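Reading through the structure tokens given below for one structure.
Every number here is computed from the coordinates shown, using simple stated rules; none is lab data. Remember, it's a predicted structure, so these values are computed and weren't measured experimentally. Methodologically, a virtual Cβ is constructed for each residue, glycine included, from the backbone with ideal geometry; neighbour enumeration extends over all protein chains shown.
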Amino acid sequence: MSRFEVYLIRAALIYLVLTGLLGVLMFLKPELMVYFRTTHFHLGFIGFFLGMVMGVAYWMMPRPGGLRQERLEAMTFFILNSGIVLRLMTEPWWRMTGRGGLYILVILAALLQLIAMLIFAIAMWQRVKTKDFILKLRTQ
């Protein structure tokens, strides 16, 4: 398991706990829900679920021909988490104030998350091979 696979999985677990804490906060203070609902969703779905899927997929998906993708793993980790943290910091603030500059940062956060998804898709595309292809590699 590479260090970036570990980082993706551990970050996902941190987002799981933050999602739960934010959910409890919104339950205790329902007036905050209008500001934090979307952030709560993104922490859980993108932060926890997608981060966990990415970390486990990088770890467990076959690597045909001994394929190593540490650079793509690192890019996925840093870009995804930059987008999540930026969104966590700016989206509620933008919803509270309505400032246009913050909206641009929320868009940037979403674009960072999308870029990480594209990098992940490229990496997995290289790994998804038929059984026959993998067996052929082993006999060469």
Inset, instruction - State the answer as a single residue: which of F45, M60, M89 lies farthest towards the positive end of the charge dipole of the range 3-139, with beta carbon charges of +1 for Lys and Arg and -1 for Asp and Glu, about the Cα centre. - result: M60
Legend entry - Neighbour cut-off at most 13 other Cβ (10 Å), DSSP loop, trypsin sites (Lys or Arg not before Pro), the range 1-70: R68
Legend entry - Mean residue ellipticity (222 nm) of the chain, computed from DSSP H runs ≥ 4 via -39,500 (n - 2.57), nearest 500: -27000 deg cm²/dmol
Legend entry - Check: the chain dipole with +1 on Lys, Arg Cβ and -1 on Asp, Glu Cβ, in debye: 380
Legend entry - Structure-derived P(r) over Cα pairs in 10 Å bins from 0, in percent: which label, when the choices are (i) 12, 36, 27, 15, 7, 2, 0; (ii) 12, 42, 30, 10, 5, 2, 0; (iii) 12, 47, 35, 6: (i)
